[in-house]
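Notes to accompany the following structure.
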């Protein structure tokens, strides 16, 4: 069951990171030069935190 939690959270985090990057770009009014690096950093940070929480809460 833990694998299902990880998969669902990963999908949600992917979509959230994409939305955050798009929001930043729209506020700046331009496409970022290192968009993929920002996306990766956001996704990695959110994944580490949320996966640690899942490990703590999942039986």
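The values are calculated or read from the model by the stated rules, or taken from the named source; none is laboratory data. It should be emphasised that the depicted structure is a prediction, and the values quoted were computed from it without experimental measurement. Counting neighbours? That spans all protein chains shown, and the Cβs are built from the backbone with ideal geometry, glycine included.
Check whether at least one residue in region 12-30 is surrounded by 10 or more Cβ atoms within 10 Å (Cβ to Cβ) and in a loop (DSSP other than H, G, I, E, B), and report yes or no. No, that holds for no residue. The C-beta contact set for region 45-56 (first residue within 20 Å of residue 20 (Cβ to Cβ), second residue at pLDDT 90 or above, distance under 6 angstrom, 6+ apart or interchain) comprises 46/13; 47/13; 50/9.
Could you list, in sequence order, all residues of region 1-11 that are more than 15 Å from the chain's Cα centre (by Cα), in a helix (DSSP H, G or I) and in contact (Cβ under 8 Å) with a residue 12 or more places away in the chain?
Residues of region 1-11 that are more than 15 Å from the chain's Cα centre (by Cα), as a first pass: 1-4.
Those left that are additionally in a helix (DSSP H, G or I): 2-4.
Correct list: 2 only.
Quick check: is even one residue across region 37-50 out of contact with any helix residue (DSSP H, G or I) (no Cβ under 6 Å at 6 or more places or on another chain), outside any helix (DSSP H, G or I) and surrounded by fewer than 12 Cβ atoms within 10 Å (Cβ to Cβ)? No.
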